[in-house]
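Contents: one structure, followed by commentary.
Please treat every number below as a calculation from the coordinates, not as lab data. Source: prediction; values computed, not measured. Cβ: placed from backbone, ideal geometry, glycine included. Neighbour counts: every protein chain shown.
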Amino acid sequence: MKFNALFKEITPPFVYNLYKLTKKKITNSFVEGRERSSEYYDKAFKRDRWYEHYTKSEYYPLWTIIEDRISKVLSIIILDIGCGPGQFASFLADKKYTNYIGLDFSKTAIEQAKRICPHFEFMIADIFETDILSVKNYDLVICTEVLEHVENDFEILKKIKKGTRFLGTVPNFPFPSHVRCFNDAVEVIARYKQFFVTLNVKTHIADSKGTKFFLMEGVIK
């Protein structure tokens with residue numbers, strides 16, 4: 001007799017039903033993610049929350065920290081990999097930044113970004129197929145909530161010009177489009193330090209449920 005059948009037979013119904021409910025909740029809390037297509041993100045970026053003012057975004061507290069890091073440099077050209085529909089770009093525009101290039105493979109995202117920040121440059125491109133990182137001038141790369149979405153995350157970092165400052169984030173939680181997540185800053189450093197001359201990782205707690213973002217700051221090797 002298999003364990004589940006034996007366990008059911010010798011366990012009172014109330015206890016067994018409670019066990020099944022608890023097991024289901026635990027199982028459902030872990031989401032096995034996979035890399036998604038541009039069509040997936042075209043659909044995702046049509047949701048209302050991506051059209052709200054940037055101050056209403058769940059990422060706004062994190063963006064303020066990133067902007068503070070950016071402000072330490074007097075003259076920069078920013079290239080934002082996976083810029084999304086322009087909420088972060090709009091935030092930078094209000095902070096009077098002028099040299100910004102946004103890159104995303106979602107047509108829906110780029111169309112919205114161009115509408116709200118027409119004075120910035122935005123491009124629809126697949127980071128793995130485009131030569132933008134080799135032909136464009138930039139000295140700071142922003143890459144927030146991108147690396148966890150792609151299998152070949154190393155290839156993105158390899159394409160960035162040597163000596164470029166890098167500011168990026170990765171999360172600690174699973175999601176249908178996450179192919180990986182990280183338990184702590186140590187894991188982030190272990191995976192990515194090979195691509196940097198220097199790499200610092202800070203942990204930022206987003207809510208009381210334990211959601212965390214790890215802010216990576218370094219110089220590309």
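Listing for the model above:
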| quantity | calculated |
| --- | --- |
| Label zone at Glu39 (point 7 Å along Cα-to-Cβ), backbone N below 14 Å, region 88-116 | 107 |
| Mean ellipticity per residue at 222 nm, deg cm²/dmol - from DSSP H runs of n ≥ 4 across the chain, formula -39500 (n - 2.57) | -10000 deg cm²/dmol |
| DSSP beta bridges in the chain [antiparallel fraction, %, rounded to 5] | 50 percent |
| Fewest-first sequence of Lys56, Lys114, Lys46 by Cβ atoms within 10 Å of each Cβ | Lys56, Lys46, Lys114 |
| Principal-axis tilt of helix 107-116 within the chain, Cα atoms, nearest 10 degrees | 50 degrees |
| Approximate spin-label separation Asn183-Lys107, in nm, with each point projected 7 Å along Cα-to-Cβ | 4.3 nm |
| Per-peptide average of other Cβ atoms within 10 Å, ordering 82-94, 198-210 highest first | 82-94, 198-210 |
| Proximal charge balance of Ile205 [Cβ under 14 Å; K/R count +1, D/E count -1] | 0 |
| C-alpha center-to-center spacing [region 47-116, region 131-203] in angstrom | 17 Å |
| Shape category assigned to region 50-122 from the gyration tensor of Cα positions, a/c cut at 1.5 | oblate |
| Contour excess over end-to-end distance, with Cα ends at Lys221 and Ile116 and 0.36 nm allotted per residue | 34.4 nm |
| Candidate aspartates and glutamates for bridging to Lys193, where Cα separation is under 16 Å - those fewer than 8 sequence places away on the same chain excluded | Glu148, Asp153, Glu155, Asp184, Glu217 |
| Three-way shape label, region 38-220, alpha-carbon gyration tensor, a/c 1.5 | rounded |
